[in-house]
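The values are calculated or read from the model by the stated rules, or taken from the named source; none is laboratory data. The model shown is predicted, which means the values in this text are computed figures rather than measured ones. Here the Cβ is made from the backbone with ideal geometry for all residues, glycine too, and neighbour counts use every protein chain on show.
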């Protein structure tokens, strides 16, 4: 790999013989965005999707929304969004349709199911999968979309509900580079940086690895906090010391604070980080690469799920250590 | 626990009935230190000890040094230190003797062995154990020192060779509070903050938990970097993305940079973090508290040790993932 | 559950209200088998399939075989088997078609792919899936076969190449009970016992759990043998002592013997036990049930795969401990 | 290593240059034992010690017993044993003193504590440590006993309360071979086989590895049984199938039966197998040998201990999987 930085752009070049086959790009954090005049569709108004759509609207995009439970759309319609009745309708009405749902099965159903996206895809239309799924699902979706003449980009995001609301997500894109360029105003609206990582599947791979690291970090923090308590130490002091050292990070600070306050309101669902760990482990499996830390973390999250923490924040893995 | 912050002091109060039995203190980062006029002894000039002694000398302390391999003392004698021939001699010549060695056995031998510290302890003399050891060892050392009329403090440090050189360590102290106060100029010289955590053993407990977290973080980072490579992703891009997100920290950044540069020069020995993990797991054992992340990490470090990485930096755990 | 034993039959009854919805059956080890006059098809002549087909032929069944690499069929044609050109042809020529392939993808492709089984299925025809796959795959195959009027049974087997050759497999069957009864002479030919476990999917679940236990046992044995060596003990004496105690079993004895002789000829492929562990862990995932032993074992097998042991026996996990 | 079998004797020979430095021996299961006329002492009447002493008495040995809680001695006094008031007294009154207590600390205290064995040791007296402890403890005890002119043997046993009662233990001995020979009638009375493994420490090592394997097997079995339940399968059928296959063993059968009956009466204490796992992991640590299965098992047992299962049988690890 060759990495070149020019202005706010990062070019990741994988040298195969003498040909560059990948390039990366990073858009700026920018108050003055000129919104694309293309019609934008958005499927899925969960923790992440809601903030993204708000920011798209705020920056002047024309957005048609759809959600499995339709009531969630009302708020966005009041903010100026249009209502799509089915994924197929949204895809056929819009130039660029984004999807942001919970897992590989939901992402696949949205495209392939009855009244699915595929029925609305025509040559030239763009479909952008923002869900964090496995590379195989991305490959499959890319194939079916392009087989109908559509253009496909994957663009999973690193972040949380808060960062989504703040338009500060980090976006990992891969697939059709022209789609990436066509929706640059969208990515500027929702994120602080975006990376273009080459062929479809690479963003899924990278995102799963990042979330794997996050899941293992979170379990480790919970393990530290509970061991402090179990050995008679102050958890607050433990956090104070941790925040004085080199491991200090926004993540460590916020998650610990929330745990100490007993606040497990979801910023990122525990069930989703467990799904990400599972997919990352499986990706390691395919690559014959051991991931013992992720494997250990995955078991702790499974215990947390058995304790009914699925719909709480990932920090609720803490409870797997005290029950 | 009750935590009160007054100026740059943190008081950790554990309420038992109505009596406060613990207090914490944090000294300022302070250019103008008035060095104590007490004679300081220092045993152990390893990665951490060397930087500490330099800073003690720089801030005007009178320091007598001893090291198992005597040549290491020369440099410090040139900087103004005196030479002690045995641990016993240092302890008997000095008012306050610090020790900073590699593991519980070395710490115990230094005190109890032939020509050991214990033979130089007289009523009123202070002994400060800075090695990261288990709470049982601290309890034992505290007992033997105080049984001779000595005063005992444990003061393990969080940090690395670099932070030690920079006088930016975080110091966790526990034991005899009067010792903590008597050597405040020493702690100011070597660290950016110090915490006083109550009875002897608490600092060992807290330090082991911190290092357990650090060890698991490090293994997780190595797991992420290697999985990126195994799945065809750029490790540099992985790091760039990581550093854009909430998990960004000095630790993540420095360790990844070093790995990408193939630089495994020890800032903290891999064999020592493995020892710390072992001791933390054992502490969890005593408390009937599962530590599955630490247990997984410990096995990865054991593999790294089997690959001859003991004397490299903790980041060399990376090699356990690629061999 | 209610378990009743009558003669050599085991009835597993799950009481829901007052209705029995499951029943189990166990066929005898029986030298005098009257072979069914139904035409038998067999797809997949790997380690397990080869022995099964030999025993079907020996006991007088009329068998048509197909294998992805056709040369493997020759031997069986010499023993009296007929050759099928495609899975579709075998299914359409035979009354009862068995399949025994390596993993869920291969099992699904065999049915759904070009010239696949599905194209040969007509009302009344029986399809018996003997591959060890996940319950979801079984459910899917069951649905497509029955949607064409076919009758579906799953019948994964516990055992090894040796037991397959000896006709001593243990067969777990579930799905359409009439199929189970129609091919009882086949099961008598290949196995020492068969269990009927109710609705399709149950045999896959049970088999995955059994193989999960086997995979963890095998990794544990390898861990013991290598720790013996690493601490200066005789591995042979370790085995001798193990075989004197209550943990003694054919499995422990044979696997240890093979390891001590450096014989890793596949009796059951290492890559297959790793696949089974993965599927069992995933099944636990769906059920929110932690499986930390399987998770640890899975990582050890992944390391063994990275060391090129995929096509060796499961006992080659030993090598993951010594490299 | 060279292994020779002559009659019922096994000779383990480690060839260093041309000198044999180890030898192993196996005594027969023998109804007609001629009891030694040496006076036998026995310290520790727990699960294992009780059965051993009964068998020593039954076979005609003269035995003096001591136990921390003296009431347990009464039963044996009725059977003909004499009462010792302190470990020191027993050691000074007897020619050969056995000890069988719970962990390294108890074993060390018994010898080194007030009124300890050491005070009764005179030149020629034999001390046999039967507790399962770490090799370091054995080395230490061997040194102190021999420094007083005593003769030292370690002789930990593989088995359970039932096997102890039945005189069917497997004995691993190492240390002073003359002691091993002098008490052969004792080993014949309590065990079905004994092995002599060379220098002191080897029996501890071998026993820890065996118990490590046992602990991992037990956790694996519990994981299988609970996953069966969590996925709707009959646990009894699971056991039936397991017992038809090559993994069938007395251990698997008995432990599963007990679990299915909810019988967790201790045959071997859960807290002791956890202690053994801890010591085995630590031994691997010293040898730089990863033991990921044992590490995973250890965490499950720690959870079981947190659920108050310490004084139940090892099979109570089952409860860590269902709570």
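Can you name the residue in segment D:284-302 that is in a helix (DSSP H, G or I) and surrounded by fewer than 23 Cβ atoms within 10 Å (Cβ to Cβ) and, of all such residues, is nearest to the other protein chains (Cβ to nearest Cβ)?
Filtering segment D:284-302 for residues that are in a helix (DSSP H, G or I) and surrounded by fewer than 23 Cβ atoms within 10 Å (Cβ to Cβ), the one nearest to the other protein chains (Cβ to nearest Cβ) comes out as D:285.
In segment A:212-234, which residues are surrounded by fewer than 22 Cβ atoms within 10 Å (Cβ to Cβ) and more than 7 Å from chain B (Cβ to nearest Cβ)?
A:229, A:232
Look at residue A:237 and say whether it is surrounded by fewer than 24 Cβ atoms within 10 Å (Cβ to Cβ) and either assigned to a helix (DSSP H, G or I) or within 7 Å of another protein chain (Cβ to nearest Cβ) (or both).
Answer is yes for this residue.
Failed condition for residue D:102, given (1) modelled with pLDDT of 95 or more; (2) assigned to a loop (DSSP other than H, G, I, E, B); (3) closer than 24 Å to residue D:194 by Cβ, with all others met?
Condition (1) is where residue D:102 drops out.
Take residue D:132 and tell me if it is more than 29 Å from residue D:295 (Cβ to Cβ), within 14 Å of another protein chain (Cβ to nearest Cβ), touching a strand residue (DSSP E or B) at 6+ places or on another chain (Cβ under 9 Å) and at pLDDT below 95.
Judged against the criteria, residue D:132 is not a match.
Which one of the conditions (1) closer than 30 Å to residue A:311 by Cβ; (2) assigned to a helix (DSSP H, G or I); (3) at pLDDT 95 or above does residue A:144 fail to meet, given that it meets all the rest?
(1)
Please verify whether residue A:275 is out of contact with any helix residue (DSSP H, G or I) (no Cβ under 8 Å at 6 or more places or on another chain), within 30 Å of residue A:52 (Cβ to Cβ) and part of a helix (DSSP H, G or I), treating the condition exactly as stated.
Answer is yes for this residue.
How about segment D:303-312: which of its residues are more than 7 Å from every other protein chain (Cβ to nearest Cβ) and either buried (at least 24 other Cβ atoms within 10 Å of the Cβ) or assigned to a helix (DSSP H, G or I) (or both)?
D:304, D:309, listed by residue number.
Looking at segment A:37-49, which of the residues that are at pLDDT 95 or above and touching a helix residue (DSSP H, G or I) at 6+ places or on another chain (Cβ under 7 Å) is surrounded by the most Cβ atoms within 10 Å (Cβ to Cβ)?
Ranking the candidates gives A:42 first.
Any idea how many residues of segment A:164-186 are in a helix (DSSP H, G or I) and over 13 Å from the mean Cα position of the chain (by Cα)?
Total meeting the criteria: 10.
Here are A:70, A:81: which of them is touching a strand residue (DSSP E or B) at 6+ places or on another chain (Cβ under 9 Å), modelled with pLDDT under 95 and more than 19 Å from residue A:169 (Cα to Cα)?
A:70
Does segment D:41-52 include one or more residues that are assigned to a loop (DSSP other than H, G, I, E, B) and touching a strand residue (DSSP E or B) at 6+ places or on another chain (Cβ under 8 Å)?
Yes; the residues of segment D:41-52 include at least one that is assigned to a loop (DSSP other than H, G, I, E, B) and touching a strand residue (DSSP E or B) at 6+ places or on another chain (Cβ under 8 Å).
Only one residue in D:162, D:119 is within 14 Å of chain C (Cβ to nearest Cβ) and touching a helix residue (DSSP H, G or I) at 6+ places or on another chain (Cβ under 9 Å). Which one?
Being within 14 Å of chain C (Cβ to nearest Cβ) and touching a helix residue (DSSP H, G or I) at 6+ places or on another chain (Cβ under 9 Å) holds for just one of D:162, D:119, which is D:162.
In this structure, is residue D:250 under 24 Å from the mean Cα position of the chain (by Cα) and either farther than 30 Å from residue D:175 by Cα or assigned by TED's automatic domain parsing to the domain that holds residue D:132 (or both)?
Yes, satisfied.
For segment B:196-208, what are the residues that are outside any strand (DSSP E or B) and in contact (Cβ under 8 Å) with a residue 40 or more places away in the chain?
B:197, B:198, B:199, B:200, B:201, B:202, B:203, B:204, B:205, B:207, B:208
Which ones in segment D:61-79 are assigned to a loop (DSSP other than H, G, I, E, B) and within 18 Å of residue D:111 (Cα to Cα)?
D:67, D:68, D:69
Could you tell me whether segment B:242-264 includes any residue that is in contact with a strand residue (DSSP E or B) (Cβ under 8 Å, 6 or more places away or on another chain) and modelled with pLDDT under 95?
Yes, the conditions are met somewhere in segment B:242-264.
When you go through (1) assigned to a helix (DSSP H, G or I); (2) at the interface with chain A (Cβ under 7 Å from one of its Cβ atoms) one by one for residue B:193, which number turns out not to apply?
The number of the failed condition is (1).
Taking residue D:258 and the conditions (1) over 27 Å from residue D:76 (Cβ atoms); (2) more than 9 Å from chain C (Cβ to nearest Cβ); (3) assigned to a loop (DSSP other than H, G, I, E, B), which numbered condition does it fall short on, given that it satisfies the others?
Every condition holds for residue D:258 apart from (3).
Residue check: is residue B:32 at pLDDT below 95, surrounded by fewer than 21 Cβ atoms within 10 Å (Cβ to Cβ) and in a loop (DSSP other than H, G, I, E, B)?
yes
Among residues belonging to segment B:240-255 that are closer than 22 Å to residue A:223 by Cβ and in contact (Cβ under 8 Å) with a residue 12 or more places away in the chain, point out the one that is farthest from the other protein chains (Cβ to nearest Cβ).
Ranking the candidates gives B:255 first.
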